[in-house]
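Presented below is the structure to which this report refers.
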Amino acid sequence: MRARITIPPNMIPRYLVIAVFVLLTAALGMSFYAWHMRGRAAAVPVAATDTRPVVAPVAGPTEQVTLYVAYDDVGVLRPQSARIPMPSVRQQRAEELLRSLIALYLDKASPHPLPPGADIRGIYMVDPGLAVVDVNAAFADGHRSGVLAEELTVASFIQTLAANIPGILRMKILVEGKERETLAGHADLSNFFDVSAVNQLTSQLQATQ
Amino acid sequence: MNARSATDKTQTLWVLCGKWFAVGLLLLLAVLLLSAAVPEKHLSIYSTAANYSLPIVDRDSKDYIGLLELLEPLGTVSAKSDLPRWRLHYNNVLSEFAVGSPRARIQGRDAVLSARFLLENGRGLVPVASLASILPRILGGPVTLHEESGRLFVGSIATHFTASVSPDDPSRLVFHFTSPVNPTVATEPGKVYLTFNREPVTSPASPTLTFASKAIPSATYSENNGAAKITVNSTIPLLASFSNDSQTIVLAPAKSQFASTAAGASTTLPPASPPAQLPAANPSLPVTRHYFAIVDASHGGNDRGEALSSTLAEKDVTLAFARRLRQELESRGLSTLVLRDSDADLSLDDRASSANAVHAAVYIALHAASSGHGVRLYTALLPYSIDYDSGPFRSWTTAQQSSIPLSKATSASVATELKKDEINVRSLTAPLRPLNNVDTAAIAVEVAPSAADILQLASPVYQQLVTSAVANGISAIRSQLGAAP
């Protein structure tokens, strides 16, 4: 004789409990897996996933230029001669100069390391005598903090441009096209740099302590 | 029938789940909103060495404070974690705390805290309620704790006051303090508030004072979250004026104040300070007094500055240096104000505005760095500006212009003293705000370790060495700085 199984009216059927339990376990498991994968993705170095387009090489005759290179170990700025292709348009010349400088700083043996992915978005020459340098977010967000470390970057850029492109009297640095208070907590980016004052600063920075 | 019943139950279950989820979400939101509305608690410490404020942290529903941070401005202090013990040396006194236990030993004698001792990231936390019992033994002198209001008086430091209406003019209320005070004055219709954030002002015999004056019937004294407050009830708009080297404050109707000032009457203000008379229409405008030096601990709050190590932030190092520098300057007779005396967020404009309002002789911004060795001194690299006639106004971006020679002289004097102590020093200009916005001698001091060990920046010995040399440099040029406008 078969026993009759009846479900009391105030009880949830077992299959429903099992289904809910399985679904909850699956949801929790998937959440944990997604969280774990997100952590792993964040840990992957930026450079490895940097898929931004590379700037096309500049064609044209090479020229001898002077780059003002920062050296962190002694905290100085040193002039360094280089031969780089220089276009004829003033704006492109300025961009090429700073890209050469940044390439130097992004090198493995860099004397003044910049964060991976640091680049300039563009340079705008506004007459009379104003140059506006627009750097990308990676440049500013990953820049090392410190008065001297930031000052060396700023002075290196301004002095390199001023030394190779005559007529620049003042300079402004933007980040992603917007004004920013400081580069990484210290160097003031809210004002226009006076190129003649930066010339004097460069003299100070060329002397070791 | 059974299948239908099961479906109904499933629906009921889901509805119930939904309801509980909504209730939980609402509770979470309420907790978040309430926690955001609670202001950060502070403990104000008053001593002959320094007056400062520290944040109170809540652990197990009890108020705790960092013991090392509390003692740092008062003397030479160091701590060592040797689990389960935490040892603290203050001058020649050794204290030993058992982590997770209320038991401690101070100078070889047992002590019991009101709650267990906590160690968080090497930081020793003691219950605020226990300060009144342990500090006298560590400091070797009397300590008075106002636990409810978060005020701690080290030694006999209290500033007392009397308040009375003028016999010949009952609409004038005169406060006399036993030492100079610099309260924030704020008004609202029918009330004038004097808030003392830095002064050890204490309660009169009765917290409510009544006066035989229709214009000013009463005043009340209260304390809250590290500050003392006097609320004056009035039926007419009042102005505050300071005299007697900021030891006397007179509240009087606006008309009589202007009349007495116009007639060259006895209302005198501290030298070189901005006008201290505040019309009732200007609420929350601070009244300032004169300080010789302004020390600015750079960064703070959300702005941590450079991450010097995994545990050391620039904002904490600059604050420690600032407190020590204040001690050093004040021990040389130079009155000093530390602009950021807690973990507060201060904008660069606010820092410059505060420095300019105080009309100090010198402004010193403190920074710390992991790169390089020794100390770097900076004066302002002024931004590009076009010369034009701005009349009596001065450009905000180049306010420092006329003070540059004095700033360079100050930097040179400090550099000389640092070299005497064989500290590597370098003098530079820098595009470093707010130096260019300050209209007095202004320098920035960036301290790096003397060797490779970055933790040297947190060492009291190194901090003492550097701040002592900087204070010597400032002191050496005090006559030149004192003559500054």
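Specify the residue that is farthest from the chain's Cα centre (by Cα); the eligible residues are those in segment B:146-169 that are closer than 30 Å to B:K214 by Cβ and buried (at least 16 other Cβ atoms within 10 Å of the Cβ).
In the first step, residues of segment B:146-169 are kept if they are closer than 30 Å to B:K214 by Cβ; the result is B:159-169.
From what is left, the residues that are buried (at least 16 other Cβ atoms within 10 Å of the Cβ) are B:159, B:161, B:163, B:165.
On the way: B:T159: 18, B:F161: 23, B:A163: 27, B:V165: 33 Å.
Here the residue is B:V165.
Out of B:H367, B:H373, I need the residue that is buried (at least 23 other Cβ atoms within 10 Å of the Cβ) and within 11 Å of chain A (Cβ to nearest Cβ). Which one? Show your work before the answer.
Numbers: B:H373 fails: buried (at least 23 other Cβ atoms within 10 Å of the Cβ).
The match here is B:H367.
Could you run through segment B:408-428 and say how many residues are surrounded by 24 or more Cβ atoms within 10 Å (Cβ to Cβ) and facing another protein chain (nearest Cβ under 9 Å)?
So the answer is 0.
Got a number for residues in segment A:175-200 being more than 17 Å from B:R433 (Cα to Cα) and outside any loop (DSSP other than H, G, I, E, B)? Before you say what the answer is, go through the steps one by one.
As a first pass, look at segment A:175-200 and keep what is more than 17 Å from B:R433 (Cα to Cα): A:175-178, A:195-196, A:199-200.
Still in the list and also outside any loop (DSSP other than H, G, I, E, B): A:175, A:178, A:195-196, A:199-200.
Qualifying residue count, segment A:175-200: 6.
Of the numbered conditions (1) of a type outside the set (K, R); (2) touching a Phe, Trp or Tyr at 6+ places or on another chain (Cβ under 9 Å); (3) modelled with pLDDT under 85; (4) more than 28 Å from B:V295 (Cβ to Cβ), B:G75 fails exactly one; give the number of that condition.
Checking B:G75 against (1) of a type outside the set (K, R); (2) touching a Phe, Trp or Tyr at 6+ places or on another chain (Cβ under 9 Å); (3) modelled with pLDDT under 85; (4) more than 28 Å from B:V295 (Cβ to Cβ), the one that fails is (4).
From the list A:A109, A:A103, A:A155, A:A140, pick out the single residue that is more than 12 Å from chain B (Cβ to nearest Cβ), in a helix (DSSP H, G or I) and under 28 Å from B:G374 (Cα atoms).
On the way: A:A109 fails: in a helix (DSSP H, G or I); A:A103 fails: under 28 Å from B:G374 (Cα atoms); A:A155 fails: more than 12 Å from chain B (Cβ to nearest Cβ).
On inspection, the qualifying residue turns out to be A:A140.
Yes or no: A:G167 away from chain B (no Cβ under 11 Å) and either surrounded by fewer than 18 Cβ atoms within 10 Å (Cβ to Cβ) or polar (S, T, N, Q) (or both)? Lay out the reasoning, then the answer.
Details: away from chain B (no Cβ under 11 Å): yes; either surrounded by fewer than 18 Cβ atoms within 10 Å (Cβ to Cβ) or polar (S, T, N, Q) (or both): yes.
Yes; evaluated as a whole, the condition is true for this residue.
Residue-wise test of (1) over 30 Å from B:L239 (Cα atoms); (2) in contact with an Asp or Glu (Cβ under 6 Å, 6 or more places away or on another chain); (3) among the basic types (K, R).
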| site | (1), (2), (3) |
| --- | --- |
| B:R85 | yes, yes, yes |
| B:D110 | yes, no, no |
| B:V143 | yes, no, no |
| B:V154 | yes, no, no |
| B:S164 | no, no, no |
| B:H176 | no, no, no |
| B:P183 | no, no, no |
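Give me the helices (runs of 4 or more DSSP H) completely within segment B:380-485, filtered to those with at least 2 residues that are in contact with a Lys or Arg (Cβ under 7 Å, 6 or more places away or on another chain) and not aliphatic (A, V, I, L, M), ordered by residue number.
Numbers: elements: B:404-420, B:460-476, B:478-482.
Correct list: B:460-476.
Out of all the residues in segment A:112-131, which are over 30 Å from B:K315 (Cα atoms) and either modelled with pLDDT of 95 or more or in a loop (DSSP other than H, G, I, E, B) (or both)?
Hits for segment A:112-131 are A:D127, A:P128, A:G129.
For segment A:170-204, name all the residues that are in contact (Cβ under 8 Å) with a residue 60 or more places away in the chain and at the interface with another protein chain (Cβ under 7 Å from one of its Cβ atoms).
A:F192
Determine which member of the set B:R351, B:R340 is in a helix (DSSP H, G or I), of a type in the set (K, R) and either at pLDDT 90 or above or in contact with a strand residue (DSSP E or B) (Cβ under 9 Å, 6 or more places away or on another chain) (or both).
Details: B:R340 fails: in a helix (DSSP H, G or I).
None of the others qualify; the one that does is B:R351.
The values are calculated or read from the model by the stated rules, or taken from the named source; none is laboratory data. Here the structure is a predicted model, which means the values were calculated and not measured. We place every Cβ from the backbone using ideal geometry, glycine too, and count neighbours over all the protein chains shown.
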